[in-house]
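To start, the structure under review is shown below, and the notes come after it.
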Amino acid sequence: MQAARFRLSVRVPSGACRSCFRTGTPHTQGDTEVVAAVARAAERPPWRHSIRPAKTLGAMALAPGALVAEAASWVGSATAGRPAPAVTPTQLPLPGPPGVLVTYYADHWRVPLPPGHRFPMEKYAATHGSLEADPSLEGLVQLRAAPPVAMEDVTLVHETAYVERFRSNHMTDPEMRNVGFPWSEQLVGRTFASCGGTVAAMHVVMQQREGIAGNIAGGTHHAFRDRGEGFCIFNDIAVAANVAMRDYGLDSILVVDLDVHQGNGTADIFEKDPRVITFDMFGDRNYPWKTRRKNTYDVPLPDDTGDEEYLVLLRSWLPRLLRNHRPQLIMFQAGVDALKGDSFGRLSLSRSGLLARNNLVYGAALEAGIPLVITMGGGYTRPMDASVSCHTDVYRTAAYRLSAWARTRQKLQR
Ligand SMILES: [Zn+2]
């Protein structure tokens, strides 16, 4: 008999915790008891299934008794041979109201960078802020603080030793130089939240098996299993895709990476995994050079590629990808560094070209009924305003499209 798998999330109010990295009130005795009780329930024989206790901040809170009772009831129903849920509807992030774009953010973690550092860390809070301040999005977007990714999730992709080295500030200087950030506790918190936001957004869409959810963070596609580079530490897209395969049994996931830089980490991680198709359009003369990897589909573009050539290509690729691979989930790396004038990019898309790009991706996913997760990505104009406008467009357009799609569907169902 094939083992069924249950995922059990336990909400743990955090302290300065090795598992969840929040500082503040220490964990209470009650929470420890919950975790221990769940672990005991999971291991109680006869037991042919596995329950995976996970500490997930932001999951729905259950009273300790209710949680253990629920765990025990799954054990009971599973051992009695009755169908049991593959994932718990009550423990995972709640889906948004119909037609509302749930979007996570990780800028509740402020990462200190030395003066003059070339990474525009403020762009995340600025994008979050402009979405919040946009009156046209009232009722169309639900912003949520990203929970930290669980160790059991992040280690589906990354070597435990690497995660531990990063978490405990034991990375070597060359390793941190490759990443490009100085180590700090805030960086650890943000990195876990940035990855957790993408995983949570994936759960939001996968529970509904349709729609769009986002993360105003993540898209850190230069992270490999055992190392980071190019401002990327954990590969959130790879982690979320692996969690989706584990928890929802998916066997066809499409990564659409439209950042101007090749997603070498994602390509490397999925090189030998036929369940994940990586499609990547990028500037051929852009970083990475020495560490480039092979995606399922690489579309390298010459310098100064403009809207027209870019959109013609994307328009021809997307339907082919959907037809040939029938993905059950799309992960969209929506970097905006293909914008003309980007200080790291070499392409020449306009803001409206990027808008059209986003619309092509959203339209393809919504029309085909494929759940879609949006992550951030590069955007490095100086000053950062132009990049922030394009990042904001990514989420704003998704909210408009999702809401229009839900309204149309409602009408058709009447
Ligand atoms: Zn980039």
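The values are calculated or read from the model by the stated rules, or taken from the named source; none is laboratory data. If you're wondering where the values come from, they're calculated on a predicted model, not measured in any experiment. Methodologically, a virtual Cβ is constructed for each residue, glycine included, from the backbone with ideal geometry; neighbour enumeration extends over all protein chains shown.
Among (1) farther than 21 Å from residue 296 by Cβ; (2) within 16 Å of the ligand (Cβ to nearest atom); (3) under 13 Å from the mean Cα position of the chain (by Cα), there is one condition residue 233 misses while meeting the rest; what is its number?
Checking residue 233 against (1) farther than 21 Å from residue 296 by Cβ; (2) within 16 Å of the ligand (Cβ to nearest atom); (3) under 13 Å from the mean Cα position of the chain (by Cα), the one that fails is (3).
Spot the failing condition for residue 332; the list is (1) part of a loop (DSSP other than H, G, I, E, B); (2) within 15 Å of the ligand (Cβ to nearest atom); (3) closer than 25 Å to residue 250 by Cα, and only one is missed.
(1)
Quick one: is residue 257 more than 16 Å from the ligand (Cβ to nearest atom) and of a type outside the set (Gly, Ala, Ser)?
Against the criterion (more than 16 Å from the ligand (Cβ to nearest atom) and of a type outside the set (Gly, Ala, Ser)), residue 257 does not qualify.
What pairs come up if the first residue lies in the range 217-233 and is more than 27 Å from residue 102 (Cβ to Cβ) and in the same structural domain as residue 154 (by TED's automatic domain parsing), the second is within 15 Å of the ligand (Cβ to nearest atom) and of a type outside the set (Gly, Ala, Ser), and their beta carbons are under 6 Å apart, counting only those six or more places apart or on different chains?
Every condition considered, the pairs that remain are 228/179; 229/222; 230/222.
Which of the numbered conditions does residue 343 fail, given that it passes all the others? Conditions: (1) more than 17 Å from residue 219 (Cβ to Cβ); (2) within 14 Å of the ligand (Cβ to nearest atom); (3) of a type outside the set (Lys, Arg); (4) not in a loop (DSSP other than H, G, I, E, B).
The number of the failed condition is (4).
Kindly indicate whether residue 214 is farther than 12 Å from residue 332 by Cα and either away from the ligand (no atom under 16 Å from the Cβ) or surrounded by 24 or more Cβ atoms within 10 Å (Cβ to Cβ) (or both).
no
Scan the helices (runs of 4 or more DSSP H) fully inside the range 109-179 and keep the ones with 2 or more residues being more than 20 Å from the chain's Cα centre (by Cα). Before the answer, list the steps.
Values: elements: 122-133, 151-154, 160-167, 173-179.
In the range 109-179, the matching helices (runs of 4 or more DSSP H) lie at 122-133, 160-167, 173-179.
Just a yes or no: is a residue in the range 284-291 touching a helix residue (DSSP H, G or I) at 6+ places or on another chain (Cβ under 8 Å), within 29 Å of residue 350 (Cα to Cα) and surrounded by 21 or more Cβ atoms within 10 Å (Cβ to Cβ)?
First, pick out the residues of the range 284-291 that are touching a helix residue (DSSP H, G or I) at 6+ places or on another chain (Cβ under 8 Å): 288, 291.
Still in the list and also within 29 Å of residue 350 (Cα to Cα): 288, 291.
Remaining after also requiring surrounded by 21 or more Cβ atoms within 10 Å (Cβ to Cβ): none.
There is no residue in the range 284-291 that is touching a helix residue (DSSP H, G or I) at 6+ places or on another chain (Cβ under 8 Å), within 29 Å of residue 350 (Cα to Cα) and surrounded by 21 or more Cβ atoms within 10 Å (Cβ to Cβ).
Check the range 366-387 and report whether any residue there is within 26 Å of residue 194 (Cβ to Cβ) and charged (D, E, K, R). Quick ask: steps written out before the conclusion?
Initially, the range 366-387 is screened for residues within 26 Å of residue 194 (Cβ to Cβ), giving 366, 370-387.
The next check asks that each one be charged (D, E, K, R); those that pass are 382, 385.
Checked the range 366-387: at least one residue is within 26 Å of residue 194 (Cβ to Cβ) and charged (D, E, K, R).
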